[in-house]
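Following: one structure in structure tokens, then a few remarks.
Only the coordinates and a few stated rules stand behind these numbers; no lab work does. Here the structure is a predicted model, which is why all the values come from computation and not from measurement. Here the Cβ is made from the backbone with ideal geometry for all residues, glycine too, and neighbour counts use every protein chain on show.
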Amino acid sequence: MIELKRELHPVGGHLDRLIFSFPELHADAVLTVRFQRTLRVPDDGRKYPLPPGLGSFPLRHVDDHGERVPEAWRRHGGVMLPMHPAEALWIRFNAAYPFAVKVGAGKINAITGKRWDAGRLAGGRAQNFLTVPGQSFLDGFAGGKAVTLQFVAMPLGNGHTVEEQITGDAEYGGLQLQVFPLRREKWEEIKRAETDLMEVLAPGPRIHNMLRYESESYEPEVPAMGLGKGGQVEQKVRKHTWRLVDYATHHTSRCFVHLADARAWKAITGEEPPPEPTPVEAYTEAGLPWYAHNGSPHDAVEGSKALARLKTVKEVAEAKGDPLPGNSRVSPARVTTLAAWPDPGKARSEG
Amino acid sequence: MSLTELGRYLRERRLELETSDRDYSASRLARRIGKSPAFISQVERGEARSAPAEETLVAWADDLGLDRDVVLALAGKISADLHETIRKRPRLFAQLLRELQDLPDHAVLRLVREVRDGEW
């Protein structure tokens, strides 16, 4: 079962989230997913620390705005959120119960770069999923051993997205999630075993939308966005430690998360979109924190050569003679280290 | 429809507030919600011929810090916005209410809207 839980943050903004639960399997089998606004790191060949969370994106049921969204979205079902062109996002995962989570962008697996393979978990060197808990956030495509290539939204149809570069088509866009819970009996074993928790959470500041900019009043004809590759973020995608047979793969839930062009959000929903994203230069010059996640002792997946070979959003834009701003080097002066346990995601983001 | 229960509910709450604040006398309450003291007294004693108008009940509930929907329900009414919601899909809500009417509170409050998964 998937629920869209909507909440307003006490000091403004949204705390909307998806809650995947499997009550037929276990009452503890609950995974929360939130989509975080953030900075787009410069695409300058350098690796950057984890950018902050600047508030959750608002989430809406596609069904609630059925007449104002593309027909394909109605067919897909699911939810939608608004993004500005060239805006980045990261995904926050929160669960105590173990899950395997497949993440796709335009139905291209974000870990392997392969086309979406419904229902199948692959392990070892071909690992095509994330493990939660453990992977508290995912900032981008798995481009290398300890590097992700930031998720950057662009309108579909201009060749910027990973999907278009791999398939030649701008068919799906958006993000896809598929969640597989651990077998009940394995969870019961974990609960019975004693766990020695010695690490302490290092609290971080709660960062809210710091700088607001006026949106352009321009409404794109087709509001669908997809994800392309942005700059490099120092981040490991953790290798799985559970065996594939430990997951209850016959219990699975999936969700299509459509990315709507923020400039069309008001026409679709009647609501103002979030303001334009905070420029990375302004944030960094203000001395505000970035993050590093050093605590994990687990190995990282190798990353996908197929994804590494693709052009970034900046490279596609340059080839079109329409260079993307915001790719000059910045030097984060303040990098806060996140502890591994219990939940580093909370210190990096709101709520 | 007996308005005795409504009257008793409003009176008990007003008297409770009046013990620490004289602004909750019948005459002062009446002035604030735009009615006469006699009207307040009549409703509180359950002697009104018919339920007060929705606007009056809402103002009365707000003034005493009571839940509007509870006060309206005691008066045999539902708020205009709920009325409109039901009116748009009467069959659905009638069926829903009938199915839920005997469930305990905690079961009803766990009604969850699922995200629909389609074809992709």
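Using 0.36 nm times the number of residues separating A:Glu189 and A:Glu24, minus their current alpha carbon distance, what extension gain do you get? Could you put the intermediate results ahead of the total?
Values: separation 165, 0.36 × 165 = 59.40 nm, distance 1.83 nm.
Once the chain is fully extended between A:Glu189 and A:Glu24, it gains 57.6 nm.
Enumerate by residue number the trypsin sites (Lys or Arg not before Pro) in region A:106-170 meeting two conditions: DSSP loop (anything except H, G, I, E, B), and at most 15 other Cβ atoms within 10 Å of the site's Cβ. Numbers along the way, then the final one.
Details: sites: A:Lys107, A:Lys114, A:Arg115, A:Arg120, A:Arg125, A:Lys145; in loops: A:Lys107, A:Lys114, A:Arg120, A:Lys145.
Filter output for region A:106-170: A:Arg120, A:Lys145.
Starting from the Cα coordinates of region A:1-48, work out the convex hull volume and express it per residue in Å³.
Values: hull volume 6.6 nm³, N = 48.
Hull volume over Cα atoms, normalised by residue count, gives 137 Å³.
Which of the aspartates and glutamates could be linked to B:Lys88 by a straight reach, that is with a Cα gap under 12 Å, when you skip same-chain ones fewer than 8 residues away?
B:Lys88 reaches no qualifying aspartates and glutamates.
When a/c reaches 1.5 or more, the comparison of a/b and b/c decides; with that in mind, is region B:30-77 rounded, prolate or oblate per its Cα gyration tensor?
On the way: a/c = 1.85, a/b = 1.14, b/c = 1.62.
Oblate.
Take the residue pairs A:Lys145/A:Lys305; A:Lys47/A:Lys102; A:Lys239/A:Lys314 and return only those whose Cα atoms are more than 19 Å apart. Mind showing how you got there, number by number?
Values: A:Lys145/A:Lys305 10 Å; A:Lys47/A:Lys102 25 Å; A:Lys239/A:Lys314 30 Å.
As for pairs spanning more than 19 Å Cα to Cα, those are A:Lys47/A:Lys102; A:Lys239/A:Lys314.
Which of the listed residues, A:Phe22, A:His9, A:Asn128, is farthest toward the dipole's positive end in region A:1-153, when Lys, Arg count +1 and Asp, Glu count -1 at the beta-carbon?
A:Asn128
For B:Lys35, list the lysines whose Cα falls under 29 Å from its own Cα; do not include residues on the same chain fewer than 8 positions away.
Those lysines meeting the cut-off are B:Lys77.
Determine the calculated [θ] at 222 nm for chain A from helices alone, applying -39500 (n - 2.57) to every DSSP H run no shorter than 4 residues and normalising by the residue count; nearest 500 deg cm²/dmol.
Working: 8 runs with 49 residues, N = 351.
It comes out at -3000 deg cm²/dmol, rounded to the nearest 500.
What shape does region A:119-174 take by its C-alpha gyration tensor, where a ≥ b ≥ c are the square roots of the eigenvalues and a/c under 1.5 counts as rounded, a/b above b/c as prolate, and the rest as oblate? It would help to have the intermediate numbers written out before the result.
Working: a/c = 2.19, a/b = 1.68, b/c = 1.30.
Prolate.
How much of the DSSP bridge set in chain A is antiparallel, in percent, rounded to the nearest 5? Numbers along the way, then the final one.
Working: 58 of 70 bridges.
Bridges in chain A are about 85 percent antiparallel.
When the helices in chain B are scored as -39500 (n - 2.57) per DSSP H run of 4 or longer and the sum is shared across all residues, what 222 nm value do you end up with, to the nearest 500 deg cm²/dmol? Before the final figure, lay out the partial values.
Values: 8 runs with 73 residues, N = 120.
The per-residue figure over chain B is -17500 deg cm²/dmol.
What percent does the relative contact order of chain B come to when contacts are Cα pairs within less than 8 Å and at least six residues apart?
On the way: 82 pairs, mean separation 27.1, N = 120.
Averaging sequence separation for qualifying contacts and normalising by length gives 23 percent for chain B.
What FRET efficiency do you get for A:Ala126 and B:Glu5 if R0 is 56 Å and r is their Cβ-Cβ distance, rounded to the nearest 0.05?
Working: r = 68 Å, r/R0 = 1.22.
Efficiency at R0 = 56 Å is approximately 0.25.
Looking only at A:Leu89, A:Leu310, A:Leu25, which one moves most when chain A is put into a Gaussian network model with springs between Cα atoms under 10 Å?
The residue with the greatest mean-square fluctuation here is A:Leu25.
Per residue of A:55-62, count partner chain C-beta atoms within 10 Å of its C-beta, then hand back the mean as an integer. Intermediate results must be reported in sequence, preceding the final value.
Numbers: counts 0, 0, 0, 0, 1, 0, 4, 3.
Mean partner shielding for this stretch: 1.
At a 10 angstrom cut-off on C-beta neighbours, averaged per residue, how do the peptides B:20-27, A:256-263, B:69-76, A:226-233 rank from highest to lowest? It would help to have the intermediate numbers written out before the result.
Working: B:20-27: 12.9, A:256-263: 25.5, B:69-76: 17.9, A:226-233: 27.9.
Per-residue mean Cβ counts within 10 Å order the peptides as A:226-233, A:256-263, B:69-76, B:20-27.
Determine the shape class of chain A: with a ≥ b ≥ c the square roots of the Cα gyration tensor eigenvalues, call it rounded for a/c under 1.5, and otherwise prolate if a/b is greater than b/c, oblate otherwise. All intermediate terms of the calculation are to be shown ahead of the outcome.
On the way: a/c = 1.39, a/b = 1.23, b/c = 1.13.
Judged from the Cα gyration tensor, chain A comes out rounded (a/c under 1.5).
Can you give the local net charge around B:Arg89? Use residues other than it whose beta-carbon is closer than 15 angstrom to its beta-carbon, Lys and Arg +1, Asp and Glu -1. Could you put the intermediate results ahead of the total?
Values: positive: B:Arg87, B:Lys88, B:Arg91, B:Arg98, B:Arg113; negative: A:Asp63, A:Asp64, B:Asp81, B:Glu84, B:Glu99.
Neighbourhood net charge equals 0.
Determine which lysines satisfy two conditions relative to A:Lys266: a Cα distance under 21 Å, and not lying fewer than 8 residues away in the same chain.
Qualifying lysines at Cα under 21 Å: A:Lys5.
Of the options A:Ala146, B:Leu10, A:Pro289, report the single residue whose Cα projects farthest towards the positive end of the charge dipole of the protein assembly as shown (beta-carbon charges: Lys, Arg +1; Asp, Glu -1).
Among A:Ala146, B:Leu10, A:Pro289, the one farthest towards the positive end of the dipole of the protein assembly as shown is A:Ala146.
Could you give the length gained on full extension between A:Lys145 and A:Glu281, defined as 0.36 nm per residue of separation minus the Cα-Cα distance, in nm? Please list the in-between numbers first.
Numbers: separation 136, 0.36 × 136 = 48.96 nm, distance 2.72 nm.
Additional length available on full extension: 46.2 nm.
At what distance in nm do the modelled label points of A:Ala292 and A:Arg334 sit from each other, each positioned 7 Å from its Cα along Cα→Cβ?
Placing both labels 7 Å beyond Cα along the Cβ direction yields 1.7 nm.
Cα centroids of region B:34-97 and region A:92-160: how far apart, whole angstrom?
Here the two parts' Cα centres lie 53 Å apart.
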